[in-house]
Ligand SMILES: *[C@@H]1O[C@H](CO)[C@@H](O)[C@H](O)[C@H]1NC(C)=O
């Protein structure tokens with residue numbers, strides 16, 4: 001098709017116009033054009049390729065433009081090789097590669113020192129960097145003489161790894177290593193030591209003292225153990241060592257005064273004494289607050305060990321003992337333990353009567369106030385019935401339920417109840433009887449006449465007195481009368497029954 005088309009155009013006389021040029025040719029790797037290229041590549045143009053620097057050409061370098069197409073590129077460009085750089089005695093050649101641009105590094109074996117260049121590069125005309133280096137055996141010069149010391153062996157020159165030993169003169173201390181060897185760089189390593197004078201000062205600590213260890217003069221490695229005087233505590237290390245720099249290590253301690261903690265006693269106040277900080281021998285005196293009582297010692301002293309001596313007291317609430325009243329019961333009030341202001345109220349059991357105050361209060365002194373009452377048995381008075389004898393029954397004192405039985409003497413008749421019982425109220429129940437003279441009884445003759453006259457007179461007086469008393473009761477309400485009235489209700493009419501006195505008078 002193309003050929004036909006070109007021939008057709010040529011036959012029409014248009015060959016100049018449609019002549020087929022070539023485009024810019026493309027070469028292979030690592031090559032370029034030898035000359036500057038024209039704009040167009042007319043039919044039959046020849047172009048020559050050239051390898052880049054460091055590359056070796058092979059094959060024909062030229063191509064031709066034929067009818068718009070370049071002939072195939074035959075040229076190839078291979079990287080140039082520098083090959084072996086040679087040999088270095090007691091050394092190694094370390095190739096990155098042996099072609100153009102590759103690097104080569106030469107090293108000497110241990111114990112040898114390089115003289116010359118160590119780095120090389122493969123260039124277009126072979127290895128660049130000059131001659132290969134030489135590896136010479138290491139040798140050290142003698143180390144410098146020591147001030148106040150020496151070393152051995154002494155030579156002009158030392159082989160690789162040869163060792164010298166240093167010594168310091170008496171009273172001198174070596175600062176550094178005593179051994180040094182000829183190292184691969186031709187120098188003794190480590191650096192030679194120095195001989196120095198080491199002397200530490202007396203370890204002077206305020207309120208401290210020497211305890212054990214070395215004595216002066218303090219040389220290198222002298223060690224002392226220190227202690228603080230009583231009442232002081234050490235802050236720091238007790239044992240110190242004299243170091244090369246003539247200083248104590250880890251550093252002298254200090255002796256700080258022993259302090260006691262601020263003492264705290266619950267429910268107590270500090271009364272007087274020292275103020276914080278509490279050094280040894282400080283004293284503090286405590287007193288318990290109201291309602292509390294102290295166990296222990298009031299005044300405390302800060303001891304050498306930083307503790308209060310003899311030991312802090314305690315304040316416990318004041319307690320009253322459980323109050324015990326014989327024949328009484330606690331009615332109400334506080335329960336044990338009885339603190340200050342607790343109250344307890346007592347009542348005597350049946351048949352007992354209280355002397356003292358029912359309600360007791362626990363006082364600040366731990367005592368019940370105003371003082372425990374007592375419960376005494378209720379007693380009935382010794383009953384006396386005129387003209388009667390106690391027949392049988394209890395003997396005095398007459399407690400509740402005691403009984404007494406009366407019988408009237410001969411010639412007298414009883415009104416009331418024979419047997420009386422002592423009641424809870426201290427009264428005989430149901431009430432003492434009376435013994436009245438039988439009506440038929442004859443009085444002794446010698447007493448009859450006078451007795452009648454006196455009896456009549458007294459009877460009248462009593463009658464008038466009684467009437468007056470009754471009137472007084474109604475109009476005045478005097479207490480004496482009320483008693484009388486009470487008695488009368490028990491069945492002894494005031495104006496009918498003679499009193500004990502009257503009866504004596506009558507008989
Ligand atoms: C000991 O040697 C070292 C290293 O040379 C030096 O830094 C130091 O100051 C020396 N010490 C004394 C106490 O001379």
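Throughout, read-outs are computed from the coordinates displayed, never taken from laboratory work. In this text, all values refer to a predicted model and were calculated from it rather than measured experimentally. Note that we place each Cβ from the backbone using ideal geometry, even for glycine, and neighbour counts take in every protein chain shown.
For the reader, a short list of remarks on this structure follows.
- Top-ranked residue of segment 211-227 - restricted to ones that are in a loop (DSSP other than H, G, I, E, B) and at negative phi, ranked as farthest from the ligand (Cβ to nearest atom): 215
- Tally of residues being free of Cβ contacts under 8 Å to residues at least 60 places away in the same chain, more than 30 Å from residue 258 (Cα to Cα) and either within 16 Å of the ligand (Cβ to nearest atom) or surrounded by 19 or more Cβ atoms within 10 Å (Cβ to Cβ) (or both) across segment 170-210: 22
- Screening residue 275 on (1) surrounded by 14 or more Cβ atoms within 10 Å (Cβ to Cβ); (2) more than 25 Å from the chain's Cα centre (by Cα); (3) part of a loop (DSSP other than H, G, I, E, B); (4) away from the ligand (no atom under 16 Å from the Cβ) shows it passes everything except condition (1).
- Some residue of segment 67-78 being more than 18 Å from residue 131 (Cα to Cα), without any contact (Cβ under 8 Å) to a residue 24 or more places away in the chain, out of contact with any strand residue (DSSP E or B) (no Cβ under 6 Å at 6 or more places or on another chain) and not in a strand (DSSP E or B): yes
- Exactly one residue out of 27, 54 is over 30 Å from residue 182 (Cα atoms) and touching a residue at least 60 places away in the same chain (Cβ under 8 Å), and it is 54.
- Number of positions in segment 346-357 that are free of Cβ contacts under 8 Å to residues at least 60 places away in the same chain and loosely packed, with under 15 Cβ neighbours inside 10 Å: 3
- Condition check for residue 257: more than 16 Å from the ligand (Cβ to nearest atom), over 30 Å from residue 171 (Cβ atoms), exposed (fewer than 15 other Cβ atoms within 10 Å of the Cβ) and within 29 Å of the chain's Cα centre (by Cα): yes
- Per the conditions (1) part of a strand (DSSP E or B); (2) over 30 Å from residue 171 (Cβ atoms), the sole criterion not satisfied by residue 132 is (1).
- Selection within segment 157-167: residues that are under 14 Å from residue 141 (Cβ atoms) and in a loop (DSSP other than H, G, I, E, B). The member of this set that is farthest from the ligand (Cβ to nearest atom) is 160.
- Flag if residue 410 is surrounded by fewer than 16 Cβ atoms within 10 Å (Cβ to Cβ) and touching a residue at least 60 places away in the same chain (Cβ under 8 Å): no
- Test: residue in segment 228-240 that is within 16 Å of the ligand (Cβ to nearest atom) and surrounded by 15 or more Cβ atoms within 10 Å (Cβ to Cβ): no
- Residues in segment 313-342 that are part of a strand (DSSP E or B) and closer than 30 Å to residue 296 by Cβ: 8 in all.
- Looking across segment 241-250, just one residue is within 14 Å of residue 205 (Cβ to Cβ) and within 16 Å of the ligand (Cβ to nearest atom), and that is 248.
- Scanning segment 168-182 for residues that are within 30 Å of residue 113 (Cα to Cα) and assigned to a strand (DSSP E or B) gives 179, 180, 181, 182.
- Test for residue 121: is it surrounded by fewer than 17 Cβ atoms within 10 Å (Cβ to Cβ) and in a strand (DSSP E or B): yes
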